[in-house]
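The values are calculated or read from the model by the stated rules, or taken from the named source; none is laboratory data. For clarity, every value in this text was computed on a predicted model and none was experimentally measured. Cβ sites come from the backbone with ideal geometry, for glycine too, and all protein chains shown count toward neighbours.
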Amino acid sequence: MPNNYFVFSFAVLLLLGSMGSAQSDNPMKDWKESKIEVTIMEGEQWWIGVVNHGHHMPLSDGYEANLVGYIYGNQAQPVLVSSRGRSIWSDEPFHIEVKEHRIFLRKSSGEFIVQKYGSSLREAYLGVSRQFFPPAGKMPHESLFLQPQYNTWIELTYDQNQEDILTYARDIIANGFPPGVIMIDDNWQRGYGDWEFRSERFEDPKAMVQELHEMGFKVMLWVCPFISSDTEIYRDLRDRGLLLKDKKGFPKIVRWWNGQSALLDLTQPKAKDWFLGRLQYLEDTYGIDGFKLDAGDPEYYVDAIAHENISPNEHSRLFAEIGLHFPLNEYRATWKMGGQPLAQRLRDKGHSWDDLNMLIPHILTQGLSGYAFTCPDMIGGGLMGSFKNIETVDQELIVRSAQTHALMPMMQFSVAPWRVLDSEHLNAVKKAVDLRAHFTEKIMELAQHAAEMGEPIVRHLEYEFPGQGYADISDQFLLGDSILVAPVLQPDQDSQEIIIPPGTWKNAEGDVVEGPATITTHVALDELLYYTRIP
């Protein structure tokens, strides 16, 4: 704990105590409300660990969020960090409102811990992360970083089947893309909780996995914590008391995007062991390498009664801990898992320029929340139905999306570029993949550094260059501390304005620029602008 640790900051009024009895989201527990009010200093900027709100940061008057039983469909961390070296941490979820240059926080119980670690965003982040979510010393499997990932969702949606998966994999290689991790998405299984391949769609899943391995792919399967009701597995888990219950003592049935299901009670070791056993069975029987662990959002656990009395957010955390058993993993929704070796994907983005513009601020927020091992969703967008009609596909958008991914920690395809792009745009995408290969060694060094030290791989300019007026920049990022990346994020753009931070920087052609400066440069369709800092 740093020497300058304090709870009562000179800019903070901490109010703890009884605010009247109220009912929390957990019906089994009464609580007394805790409140805190933090005055924002002149020129101070704040970031909060709500990844899907990254485009609202730094925070300004009018911002409001409630993390009690809800994390906005993406990762969250109960932390705030400021450009003046301050941080706020809470073990419990809270409500936040920013108004009149003050931050108002409240929650059901417990302490808000306010500290000052230095005078910069970097010092605030490193201080709070080392104390409350230190790096685990491990990173996810290197295959997630070394090559692009390929997810079968867009091409197959709910028609996951052996023949088309193998065709997709063969086409990846035939079209000049390198093999990497291939993720088989939802509906390969017989049912939710019935984690066995559907025999009518997979004639020989073990042979399929073996062929994918021979082509150079690692294979991941989509899974979730839901259990389809009116099945033998449901009845077995119900009778063993391993499902969450409602207020009447029956298994709780929740509505989610694919229907209505029961939920495992992961507060019970036997339920956790059952789920881990099913996943291990898939690895041992078919040679599966890892898992995409979807859902687990806290809202599905609201009002659920478990063996242990914990918050909905803590149920989300327990589901995220499952992934720690499998180095090849992916999550979209996690709570309080900063510093852990989990691959964290951004929430599904649409096929639009507006959503493309959210990739950078959202992935920057992941980094400032302790989630260093990040994936910026699927190239071109990951929403079902976006690519059914080739006539509506924006080919330039896919190119610029691939370029934005290229120098981020992970790069994931789903829509088959060779299906929706002409030769010019396809070649531009392949050039982005080739550029990534050039930087793979650097990305791996940064991933290992993140595992050991907790620093983000993708960094905000304010993080490396404090006090230079860069807090509002959300269309550029730094890969580590020495590579400045400025993707094109608008359509029909052949020139780009770039903020060059202090120092000496060199572009891909070897031209040198002295910063700080603002320059405008030409950019071609197949070009990603980046600058390397010269020591």
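Residues that are under 29 Å from the mean Cα position of the chain (by Cα) and in a strand (DSSP E or B) were ranked within region 491-520; the one that is surrounded by the fewest Cβ atoms within 10 Å (Cβ to Cβ) is 497. Residues in region 144-157 that are over 13 Å from residue 446 (Cα atoms) and either in a loop (DSSP other than H, G, I, E, B) or over 17 Å from the mean Cα position of the chain (by Cα) (or both): 147, 148, 152, 153, 154, 155, 156, 157.
State whether one or more residues within region 166-173 are in contact (Cβ under 8 Å) with a residue 40 or more places away in the chain, outside any loop (DSSP other than H, G, I, E, B), surrounded by 22 or more Cβ atoms within 10 Å (Cβ to Cβ) and not β-branched (Val, Ile, Thr). No, region 166-173 contains no residue that is in contact (Cβ under 8 Å) with a residue 40 or more places away in the chain, outside any loop (DSSP other than H, G, I, E, B), surrounded by 22 or more Cβ atoms within 10 Å (Cβ to Cβ) and not β-branched (Val, Ile, Thr). Given the criteria among the β-branched types (Val, Ile, Thr), crowded, with 20+ Cβ neighbours inside 10 Å and not in a strand (DSSP E or B), does residue 103 qualify? So residue 103 fails the test. Sub-8 Å Cβ pairs linking a first residue in region 419-433 that is closer than 18 Å to residue 487 by Cα to a second residue that is crowded, with 21+ Cβ neighbours inside 10 Å and among the β-branched types (Val, Ile, Thr), at least 6 apart or interchain, are 425/398; 425/399; 428/399; 429/379; 429/398; 429/399; 432/399, ordered by first then second residue. One residue alone among 374, 392 is surrounded by fewer than 24 Cβ atoms within 10 Å (Cβ to Cβ), farther than 19 Å from residue 81 by Cα and hydroxyl-bearing (Ser, Thr, Tyr), and that residue is 392.
Yes or no, residue by residue, for (1) more than 16 Å from residue 186 (Cα to Cα); (2) touching a residue at least 24 places away in the same chain (Cβ under 8 Å); (3) in the same structural domain as residue 90 (by TED's automatic domain parsing):
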{"site": "258", "(1), (2), (3)": "no, yes, no"}
{"site": "261", "(1), (2), (3)": "no, yes, no"}
{"site": "274", "(1), (2), (3)": "yes, yes, no"}
{"site": "277", "(1), (2), (3)": "yes, no, no"}
{"site": "288", "(1), (2), (3)": "no, yes, no"}
{"site": "296", "(1), (2), (3)": "no, yes, no"}
{"site": "301", "(1), (2), (3)": "yes, yes, no"}
{"site": "304", "(1), (2), (3)": "yes, yes, no"}
{"site": "309", "(1), (2), (3)": "yes, yes, no"}
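Tell me, yes or no, whether region 234-247 has at least one residue that is aromatic (Phe, Trp, Tyr), assigned to a helix (DSSP H, G or I) and over 30 Å from residue 217 (Cα atoms). Yes: region 234-247 contains one or more residues that are aromatic (Phe, Trp, Tyr), assigned to a helix (DSSP H, G or I) and over 30 Å from residue 217 (Cα atoms). If residue 409 meets every condition in (1) within 26 Å of residue 127 (Cα to Cα); (2) in a helix (DSSP H, G or I) apart from one, which number is that one? Answer for residue 409: the failing condition is (2).
Apart from one condition, residue 137 fits all of (1) part of a loop (DSSP other than H, G, I, E, B); (2) closer than 30 Å to residue 406 by Cα; (3) out of contact with any Asp or Glu (no Cβ under 7 Å at 6 or more places or on another chain); (4) not acidic (Asp, Glu); the exception is (3). Can you find even one residue in region 448-456 that is touching a Ser or Thr at 6+ places or on another chain (Cβ under 6 Å), closer than 27 Å to residue 330 by Cβ, crowded, with 19+ Cβ neighbours inside 10 Å and not acidic (Asp, Glu)? There is at least one residue in region 448-456 that is touching a Ser or Thr at 6+ places or on another chain (Cβ under 6 Å), closer than 27 Å to residue 330 by Cβ, crowded, with 19+ Cβ neighbours inside 10 Å and not acidic (Asp, Glu).
Among the residues of region 521-535, those identified as among the hydrophobic types (A, V, I, L, M, F, W, C) and in a strand (DSSP E or B) are 529, 534. Put simply, of 461, 484, 478, 525 the only residue that is more than 15 Å from residue 408 (Cβ to Cβ), free of Cβ contacts under 8 Å to residues at least 60 places away in the same chain and hydrophobic (A, V, I, L, M, F, W, C) is 461.
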